[in-house]
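Asker: If you scroll down you'll find the structure; I have some questions about it.
The values are calculated or read from the model by the stated rules, or taken from the named source; none is laboratory data. Just so it is clear, the structure is predicted and the values come from calculations on it, not from any experiment. Here the Cβ is made from the backbone with ideal geometry for all residues, glycine too, and neighbour counts use every protein chain on show. Each accessible area value is taken on the protein alone, full model and side chains, heavy atoms only, with ligands, DNA and RNA left out. Shrake-Rupley method; radii C 1.70, N 1.55, O 1.52, S 1.80 Å.
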Amino acid sequence: MNYFLIRRIDQTRSPVCGCAMLSPGWIHMTRKLENESVLILGKKNTALLDDEGERLEIKPGRIVLLPANRLHKGLEPAVLPVSYYWVHFMQRIDTDDEKRYLLPKLIEEKEAKTILGSRAIAYQRLEDSIVLPQMLDLKEAEPLYNLFAMLLAEHEKPGFSQMAYRLMVMELLMRVYGESFNVYADAPENGAKPSLVQQVVILIEENLSDKNTSVKYLADKLHINEDYLGRCFKEAMHISIGQYIVRKRIELACLRLRENHDSIDTIALQCGFGSRRQFYDAFQMITGKTPGAYRTDSAFIGTITL
């Protein structure tokens, strides 16, 4: 199975979409789309494709991704009538003098499963990007069928809204991304042991207010070597455990500064900081503001937006 990183979802464009209804004997053409990827949702019966050596099967309830700039072709003629929804999309950044296309990037299976196995890891690793498997069997396909149908209806309207259509394509991609989490994050719920990094993330969340939460504390809790734990976490999250703890504590502090009137010293202690100075230094480094300035600015924003 291939997995692809799709960057800058906010810059998604889509030139066309449709619903293919094909007779027996049909076979997909051989082609390579330079900048456009294709997302397919099987509707009736099956069709076989090849994407640079990866065998793909379009079938009801399955999402298939054909990434841009890769050669894909039909493997054999359809035996039965085939139908599926499809949409072409791209991520394009427009400047005054050029159009820059961000092509899907093939990533290693281990990295993809680490990201899709935990929303916490995904949110830390990815900002405006998503990871999609090349094939995904949906647990509940009906919402995606409905979204594709709405997308097609919008595209076929006389004088249709480009903005509405574009937002619907982005929503479609995000819904498929969400479905990927539902599939790949299922193992812990089914009785399998969560990954080491997932266990660390959970422990940090549960002990964020404890100033003693550290790499050593976590390693002792998990009965594992401290250096090994640190390496595993940084490989998965691209940040050290210590840095991650500080960032999560600052996120919690920001929430409490916005939502209650406790003193800053009290909030510092509630968020696991050992001293006022430690809290101030970390807060300014991450937010660029003092805690007091952040609280004042947040209160002002809340007032003017009522």
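Asker: If you put +1 on each Lys and Arg Cβ and -1 on each Asp and Glu Cβ, how big is the dipole of the chain around its Cα centre, in Debye rounded to 20? Present the calculation step by step, with values, prior to reporting the outcome.
Answerer: Details: 39 positive and 40 negative charges, 47 e Å.
It comes to approximately 220 debye.
Asker: Further question on the same structure: Suppose R0 equals 30 Å; then what is the FRET efficiency for Leu75 and Leu106 from their Cβ-Cβ distance, rounded to the nearest 0.05? Present the calculation step by step, with values, prior to reporting the outcome.
Answerer: Values: r = 21 Å, r/R0 = 0.69.
Result of the calculation: an efficiency of 0.90.
Asker: May I pose another question? Convert each backbone phi in the stretch 213-227 into a coupling constant with the Karplus relation 6.51 cos²θ - 1.76 cosθ + 1.60 (shift: θ = phi - 60°), then list the ³J(HN,Hα) values in order as whole Hz, x for Gly and Pro.
Answerer: Residue by residue, the stretch 213-227 yields 5, 8, 4, 5, 4, 5, 4, 5, 4, 8, 6, 9, 4, 4, 5 Hz.
Asker: If you don't mind, another one. Across the stretch 84-96, in residue order, what do the Karplus-derived ³J(HN,Hα) couplings come to in whole Hz, using 6.51 cos²θ - 1.76 cosθ + 1.60 with θ = phi - 60° and x for Gly and Pro?
Answerer: After applying 6.51 cos²θ - 1.76 cosθ + 1.60, I find 7, 7, 8, 8, 8, 8, 8, 10, 10, 9, 9, 10, 4 Hz.
Asker: May I ask which residue of Phe233, Ile267, Leu80 lies farthest towards the positive end of the charge dipole of the chain, with charges of +1 (Lys, Arg) and -1 (Asp, Glu) on Cβ and the Cα centre as origin?
Answerer: Ile267
Asker: Next question, about the same structure. Of (1) 23.6, 73; (2) 18.9, 60; (3) 20.7, 73, which one was derived for Rg and Dmax of the Cα atoms in Å from the structure shown?
Answerer: (1)
Asker: Once the dipole of the stretch 14-58 is set up with Lys and Arg at +1 and Asp and Glu at -1 on Cβ about the Cα centre, which of Thr30, Leu49, Val16 lies farthest towards its positive end?
Answerer: With unit charges placed on the Cβ atoms, the residue in question is Val16.
Asker: Still on this structure, I have one more. Based on C-alpha coordinates, I'd like the Rg and Dmax of the stretch 196-237, in Å.
Answerer: Here Rg and the maximum Cα pair distance are 9.5, 25 Å.
Asker: So how strong a dipole does the stretch 46-130 carry about its Cα centre when Lys and Arg Cβ are +1 and Asp and Glu Cβ are -1, to the nearest 20 debye? Working shown, then result.
Answerer: Details: 13 positive and 15 negative charges, 71 e Å.
Dipole size: approximately 340 debye.
Asker: Further, regarding this structure: What is the local net charge at Leu66, summed over the other residues whose Cβ is closer than 14 Å to its Cβ (Lys, Arg +1; Asp, Glu -1)? Walk me through the numbers on the way to the answer.
Answerer: Numbers: positive: Arg31, Lys32, Arg55, Arg62, Arg70, Lys73; negative: Glu34, Glu36, Asp50, Asp51, Glu52, Glu54, Glu57.
Charge balance in the 14 Å sphere: -1.
Asker: How much accessible area per residue does the chain have, counting only protein heavy atoms and a probe of 1.4 Å, in square angstrom?
Answerer: Values: 16150 Å² over 306 residues.
With the other protein chains kept in place, the chain gives 53 Å² per residue.
Asker: Charges on Cβ only, +1 for Lys and Arg, -1 for Asp and Glu, centred on the Cα centroid of the chain; of Gln91, Gly288, Gly159, which one is farthest towards the dipole's positive end?
Answerer: Gly288
Asker: For the stretch 213-264 and the stretch 143-157, compute the distance between their C-alpha centroids and round to whole Å.
Answerer: Comparing the Cα centres of the stretch 213-264 and the stretch 143-157, I get a distance of 43 Å.
Asker: Based on the alpha carbon coordinates of the stretch 36-120, what radius of gyration and maximum Cα-Cα distance (Dmax) apply, in Å?
Answerer: Cα radius of gyration and Dmax of the stretch 36-120 are 15.7, 50 Å respectively.
Asker: With 20 Å as the limit, write out which pairs from Lys32/Lys73; Lys73/Lys157; Lys211/Lys248; Lys44/Lys157 have Cα-Cα distances beyond it, or answer none.
Answerer: Numbers: Lys32/Lys73 9 Å; Lys73/Lys157 31 Å; Lys211/Lys248 13 Å; Lys44/Lys157 25 Å.
With Cα atoms farther than 20 Å apart: Lys73/Lys157; Lys44/Lys157.
Asker: Could you tell me the center-to-center distance, by alpha carbons, between the stretch 14-69 and the stretch 119-139 in angstrom?
Answerer: 21 Å
Asker: Quick one: dipole size for the stretch 16-158, taken about the Cα centre, charges +1 on Lys/Arg Cβ and -1 on Asp/Glu Cβ, in debye to the nearest 20. Kindly include the intermediate steps, with their values, before the conclusion.
Answerer: Values: 19 positive and 22 negative charges, 81 e Å.
For the stretch 16-158, the charge dipole is close to 380 debye.
Asker: Return a whole-number percent for the relative contact order of the chain, with Cα pairs under 8 Å and 6 or more residues apart as the contact set.
Answerer: Numbers: 492 pairs, mean separation 51.9, N = 306.
Relative CO of the chain lands at 17 percent.
Asker: Considering only protein heavy atoms, with the full assembly of protein chains and a 1.4 angstrom probe, order Arg119, Arg125 by accessible area, largest first.
Answerer: Numbers: Arg119 100, Arg125 40 Å².
Putting Arg119, Arg125 in descending order of accessible area: Arg119, Arg125.
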